[in-house]
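Just below is one structure, and these are the notes that go with it.
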Amino acid sequence: LLGFKYKKLIFTEHDPSFHIGDAFIVRLNQYSAKLLARYAADAIIVHGNNQKNILLEKGVHPQKIHCMPHGDFSYYAKWIDEITEEKNTVLFFGQIMEYKGLNYLIDSVPKVASSVPDVKIIIVGEGDIAKYAGSIKDNDRFEIHNRYIRDEEVAYFFQRASIVVLPYTDASQSGVIPVAYAFKKPVVVTNVGSLAEQVEDNITGFVVPPGNADELSKAMIKLLKDDILREKFGLAAYNKMKLELSWDRIAAHTLQIYASS
């Protein structure tokens, strides 16, 4: 060990607990890696107090855990083009997994359509969409892009959207929210994981109970039918991203953690 110099290990844990639908082999591999990292790390960074509490319940020492918000994704805005927002368009973006609650969004559409007749749902992301096909009763209201989305395509979908919806039944945090903020889009999210820490209810969007298509539809209707409110929320979301989620601020916080651990 002559000449060995100790180096600090700082570990960012995005998902302290498993998601609904994760395969057994995925859980097994992640469990071993996370257990080792938690033991060896001098500090662990998580993206919300909810995630911190999960680690505390798992026996991680509180002094090891540091909360830091998910950074902004204004990176995608460099591909902004001459694309205008399409009225009454709802975007569901991201990999299609069981815990994303896509079925609740689909179930909410008839009620939304009763108040917003021309509502359109854009579903974008790779994953198993086939199991939801039977629930889609009105194909004309849905536009589906069931594939991997390249970075340069992201702006196209967010520019078109009126609002972005995350009807998750389980979550840690989500990168979709800061992407929506970068495009001044208000969000409707469920109160799971740290999503409610990323969204200021009635300021940058609405937070609704998980697994409740009725409450989801009410929030969507309220935003879609009120142009002034939607614009106000979108601007507040953008300002939150610029002020609270900036990489300069996160870099300073990260350096502070490295220095103090």
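Cross-link partners among lysines for residue 242, C-alpha distance below 21 Å, same-chain residues fewer than 8 apart left out?
Result set, ordered by chain and number: 78, 184, 185, 232.
Please tell me the relative contact order of the chain in percent, rounded to the nearest whole number, where contacts are Cα pairs under 8 Å and at least six residues apart.
Relative contact order for the chain comes out at 22 percent.
When the accessible area of the chain is split by element with a 1.4 Å probe, what percent falls to carbon and sulfur?
54 percent
Which value in nm describes the separation of the simple spin-label points at residue 42 and residue 191, placed 7 Å from the Cα toward the beta carbon?
4.0 nm
Ordered by residue, what ³J(HN,Hα) values in Hz, to whole numbers, does the stretch 158-167 give under the Karplus form 6.51 cos²θ - 1.76 cosθ + 1.60, where θ = phi - 60° and Gly and Pro are x?
With coefficients 6.51, -1.76 and 1.60, one gets 6, 5, 6, 6, 7, 9, 10, 10, 10, x Hz.
Hey, what's the chain come to in accessible area per residue, 1.4 Å probe, Å²?
About 51 Å² of surface per residue is accessible.
Given R₀ = 51 Å, FRET efficiency for residue 137-residue 258 by Cβ-Cβ distance, to 0.05?
Computed FRET efficiency for residue 137 and residue 258 comes out at 0.45.
For the chain, build the charge dipole from Cβ charges (+1 Lys, Arg; -1 Asp, Glu) around the Cα centre, then report which of 65, 79, 12 sits farthest towards its positive end.
Projecting each Cα onto the dipole axis, the largest value belongs to 65.
Just to check I understand the Karplus step: with θ = phi - 60° and J = 6.51 cos²θ - 1.76 cosθ + 1.60, what whole-Hz values come out for the stretch 45-51, glycine and proline as x?
9, 10, 9, x, 5, 4, 5
Give, in nm to one decimal, the length gained when the segment between residue 128 and residue 111 is fully stretched (0.36 nm per residue of separation minus the Cα-Cα distance).
3.6 nm
With springs only between Cα atoms under 10 Å apart, run a GNM on the chain and tell me which of 65, 149, 163 wobbles the most.
So, out of 65, 149, 163, the one fluctuating most is 149.
Long-range amide H contacts for residue 68: which residues qualify at under 5 Å (H placed 1.01 Å from N, peptide plane, sequence gap of 5 or more or a different chain)?
Under 5 Å from the amide H of residue 68: 46, 47, 48.
Chymotrypsin sites (Phe, Trp or Tyr not before Pro) within the stretch 65-149: which are DSSP loop residues with at most 13 other Cβ atoms inside 10 Å?
148
Which listed residue (221, 56, 180) has the Cα farthest towards the positive end of the charge dipole for the chain, taking +1 on Lys and Arg C-beta and -1 on Asp and Glu C-beta about the Cα centre?
Of the listed residues, the answer is 56.
So what is the calculated 222 nm ellipticity per residue for the chain, using -39500 (n - 2.57) for each DSSP H run with n of 4 or more, over all residues, to the nearest 500 deg cm²/dmol?
It comes out at -12500 deg cm²/dmol, rounded to the nearest 500.
The values are calculated or read from the model by the stated rules, or taken from the named source; none is laboratory data. Worth saying up front: this structure is predicted, and the values here are computed from it rather than measured. For neighbour counting, all protein chains shown are included, and Cβ atoms are generated from backbone atoms with ideal geometry for every residue, glycine included. Surface accessibility is based on the protein's heavy atoms, side chains included, excluding ligands, DNA and RNA. Shrake-Rupley method; radii C 1.70, N 1.55, O 1.52, S 1.80 Å.
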